Amino acid sequence: MLGKEIPVHIPKWKLWQIVILLAVCTIGAVPSGADDAVSGIVDSQTFLKKNLTPAGPPASASAAAVEKLLGQMTLKEKIGQMTQLEIGMVTDGMDQAIRINSEKLHKAVAEYGVGSILNVHDQALSEEKWHEIIRAIQEEAKKTRLHVPVLYGIDTIHGPNYIAEGTLFPQPLAMAATWNPELMLRGSQIAAAETRKAGIPWSFSPVLDAGRQPLWSRLWETFGEDTYLATVMGVATVRGYEGNDLSSPASVSASLKHYMGYSYPITGGDRSPALIPENTLREYFLPTFAAAVRAGAHTVMVNSSEVNGIPGHANGYLLKDVLRGELGLQGFVVSDWMDIKKLVGVHHVAATEKEATRIAVLAGIDMSMVPSDYSFSNLLLELAQEGKVPASRIDEAVRRILTVKYQLGLFDDPLRGIDSKTVVGSPESRHVSLEAARESITLLKNEKHTLPLAKTARVLVTGPDADSLIPLNNGWSYTWQGNRASGYPKDHATILKAIQEKIGAANVTYVPGTTYDKEVDIAEAAEAATKADAVVLCLGEWAYAETPGNIPDLTLPDAQINLALRILETKKPVILLLTEGRPRIISRIADPANAIVMAYNPSNEGGQAIADVLFGDVNPSGKLPVTYPRSPNRLFTYDHKVFEGEGGGEGKAMPAPQYEFGSGLSYTSFSYSDLRVAPATASSSGAVRVEVTVKNSGGRAGKEVVQLYLNERFASVTPPLKRLKRFAKVLLQPGESRQVSFELTSDDLSFIGTDNKRTVEPGVFDVGIGGLRQTFEWK
């Protein structure tokens, strides 16, 4: 527990929730996460079934209060609620020297009635400093005519990364590599509690964009390329953030982003256009958002770019017809940074900012993040007075915003969370992060059992990522870009320090070799390698976020490749250790390397986790959440369509990537048998049960991810070769076997047809698990 306060008064909506829960328990409840941990299995299907219940209180609980307040507000006060400003608009100074400017604050909150404030300027603040700032803001709000609290928002991307003492977790792509939604849930609960402890009730996450463009600089913020895996992990994040009671001092509101299609730019560059046919958009990009809305997410942030020539902030079809009409979002929609202004200067769909404001609000934007001036408030006031934006539309937006504030408990206590019993950055929370890092690490190659290394080995550690916390964390870490070394804590081990602690400093030699992109002392590193028993070669990326992370080529920089080639020439065992936010091309060095470990961005605890895996104290169990490409000009996802081979003829799969989606080795071995699918013929009135036996056929305990893939042999829209439909992470002792069961329904067999609607067609389906294959017919 994170020190949740027990309320003395239980509201009616909560009593009903308890009644429903007791009823579920009476008829046979799904096992809890704790039960799953004890039983040694985390099953995606079971997890989703028990985590699609939204947090209370429902909007209806505050509807009367919202309407009363709305009726008392002036037009200017209403528009103020739709306005979000950045922290610099109410403060002076930056970093830890930041301080409230009372005149600026009065202008924002008292004169303009601003509804929300966001961000830092520009480094993570201490818990104490956050309390100082949030108290001042809410005190100013109390002085206003209607006492409407301000909603503060922050980017809690991998833990409370803007709270200096906060517990940072592996970045989302690494969390997806755990294939463990219970761990994702627990990490999100900790992130929420620590964020709310600072007085901040709103997180701009999770990123539910489908990570299907590996060049994209925000890939590491996603849960990978697969729709189902990302859906499960996205639901886990929302439920972890929002809990059972959004007004709890340990809960924050989630914000699903960036709705939608943002992650698939044609060029791979951030904030650049995407061309996505609607059936593809609905098949691969919409389901993550749909499930998260169903799980109760209260806010949504909009795509900064454009899809099919229509900017996200001007796309009324996606924001109203789909998000509201089809998905049923009840909360509010917030713009992204400056993106209403960009309808003029970037997208050229409006000639003036005033026209851009009208377009965005009528398209469905409820709150504007035009954060560094008051142009949105001023222009929307003019538009409303001129009758160009109906009063009903403004009321609609403000009603949604006020409802979320009530649901968060801000009207009862705008400082809720500050006095909670949550301990920010506690040893217990850090241990959960360490466990997540350990489970994320993915062993891609292990020739002749190079790993684990003996603790008596003499080891050379080299490479640009060996002795810094920066590549272990990446962007959104204490600063936006995450590249300021002074902002990182001093009590966490880098990869080098963790290896020294593991086997003794006397057994470790360190030579940097290169920086990220420049050669430093490659010759010295190669000489040191000749004297070592093994080399841990730490390559990958430095920190970056958003547009500054754009690159034209996925290949690692020449300096790093040259270092690897020189080290490989020594013929010593080389462990290629990758800390990176996207899969950088390693084809020139992958084959001669003896072992390859993908560590992603495993957080401040990553150094220890990596050392634990390298020296055998932890058995790796991570699986790739993306396809690892072999060539920069042949980028594809695992669920691609067939292609015609040379000379024509029958369709084939794409040539093998460097490593397949879902792949990952262990220090033990697993075997599969007895795959059963029943019934052999099914229809819409029934379900298909799939059972398989998995055995730990090796000599040590390990976790295996059982992955169920499905494909339809023929369909009216060309079917992918396979799609992930279920998975379960299973802990097995040496020699232990376990039967794992899944259930498939008509939804799992469906696809988006030519009419852009979901359909199920009769046909023959192939089920694949662990190299085994069975078929069934759907009629």
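The values are calculated or read from the model by the stated rules, or taken from the named source; none is laboratory data. Being a predicted model, the structure only gives us computed values, none of them experimental. Cβ sites come from the backbone with ideal geometry, for glycine too, and all protein chains shown count toward neighbours. Please note that ligands, DNA and RNA were not included when accessible areas were found on the heavy atoms of the full protein model with its side chains. Shrake-Rupley method; radii C 1.70, N 1.55, O 1.52, S 1.80 Å.
Ignoring aspartates and glutamates fewer than eight residues from Lys143 along the same chain, the ones with Cα atoms less than 18 angstrom from its Cα are Glu77, Glu103, Glu111, Glu132, Asp412, Asp413. Summary of the geometry: region 732-771 and region 557-594, compared by the centres of their Cα atoms, lie 37 Å apart. Of the trypsin sites (Lys or Arg not before Pro) found in region 577-684, those in coil by DSSP whose Cβ has at most 14 other Cβ atoms within 10 Å are Arg634, Lys641.
My understanding is that a pair violates if its Cα-Cα distance is over 18 Å; which of Lys107/Lys142; Lys49/Lys405; Lys320/Lys341 do that in this structure? Working shown, then result.
Working: Lys107/Lys142 14 Å; Lys49/Lys405 28 Å; Lys320/Lys341 21 Å.
Exceeds cut-off: Lys49/Lys405; Lys320/Lys341.
In this structure Arg723 has an accessible area near 30 Å², from a 1.4 Å probe over the protein heavy atoms. Computed over region 676-774, the P(r) tail beyond 15 angstrom holds 64 percent of alpha carbon pairs. Helix 427-440 versus the longest principal axis of the chain: what angle, 0 to 90°, nearest 10, using Cα atoms? Taking the Cα atoms of the chain, the angle to 427-440 is about 50 degrees.
If the viscosity is 1.306 mPa s and the temperature 10 °C, what Stokes-Einstein diffusion coefficient in µm²/s follows for region 431-523 when Rh is the Kirkwood radius over Cα pairs? D, rounded to a whole number, is 104 µm²/s. Extension gain for Glu524-Glu326 works out to 65.1 nm (0.36 nm per residue, less the C-alpha to C-alpha distance).
For Lys448, a cut-off of 17 angstrom between C-alpha atoms picks up these aspartates and glutamates, skipping any fewer than 8 places away in its own chain: Asp533, Asp591.
Accessible surface for region 366-490, divided over its residues, is 36 Å² per residue with a 1.4 Å probe. Once you sort the root eigenvalues of the Cα gyration tensor of region 590-712 as a ≥ b ≥ c, which label holds: rounded (a/c under 1.5), prolate (a/b larger than b/c) or oblate (the other case)? Here region 590-712 falls in the oblate category.
How much accessible area per residue does region 225-287 have, counting only protein heavy atoms and a probe of 1.4 Å, in square angstrom? Numbers along the way, then the final one.
Details: 1270 Å² over 63 residues.
Ligands and nucleic acids excluded, the result is 20 Å² per residue.
When the Cα centres of region 62-105 and region 109-144 are compared, how far apart do they sit, in Å? About 9 Å separates the Cα centre of region 62-105 from the one of region 109-144. Sites listed here are chymotrypsin sites (Phe, Trp or Tyr not before Pro) in region 675-755 whose DSSP assignment is loop and whose Cβ has at most 15 other Cβ atoms within 10 Å: Phe714.
Taking a ≥ b ≥ c as the square roots of the eigenvalues of the Cα gyration tensor, region 203-342 is classed as prolate, since a/c reaches at least 1.5 and a/b is larger than b/c. Label zone (Ile551, point 7 Å along Cα-to-C-beta; backbone nitrogen cut-off 11 Å) within region 191-234: 215-217.
The portion of the accessible surface of the chain made up by carbon and sulfur, rounded to a whole percent, is 53 (1.4 Å probe; DNA, RNA and ligands excluded).
Near Gly622, the amide H atoms lying under 5 Å from its own belong to Ile441, Leu443; only residues 5 or more places off or on other chains count, and H is placed 1.01 Å from N.
Calculated mean residue ellipticity at 222 nm for the chain: -8500 deg cm²/dmol, from DSSP H runs with n ≥ 4 weighted as -39500 (n - 2.57), summed, divided by the residue count and rounded to 500. Placing a label point 7 Å from the Cα of Asp533 along the Cα-to-Cβ direction, the residues of region 608-636 with a backbone N closer than 14 Å are 615-616.
Of Ser426, Ile359, Leu343, which is farthest along the charge dipole of region 331-438 in the positive direction, counting Lys and Arg as +1 and Asp and Glu as -1 at C-beta? Farthest towards the positive end: Ser426. Residue order by solvent-accessible surface for Glu127, Glu580 is Glu127, Glu580, largest first, with ligands and nucleic acids left out and a 1.4 Å probe. Over the chain, Cα pairs under 8 Å with separation of 6+ residues give a relative contact order of 13 percent.
Ranking Ser486, Ser368 by solvent-accessible area of protein heavy atoms (1.4 Å probe, all protein chains present), from largest to smallest, gives Ser486, Ser368. Taking every protein chain into account, the accessible area of region 36-93 amounts to 38 square angstrom per residue (probe 1.4 Å).
The calculated FRET efficiency for the pair Ser683 and Glu355, based on their C-beta separation and a Förster distance of 45 Å, comes to about 0.25. The trypsin sites (Lys or Arg not before Pro) found in region 426-461 that occupy coil by DSSP, while having at most 16 further C-beta atoms within 10 Å, are Lys455, Arg458.
When all protein chains stay in place and ligands, DNA and RNA are ignored, the 1.4 Å accessible-area order of Lys197, Lys341, Lys405, largest first, is Lys341, Lys197, Lys405.
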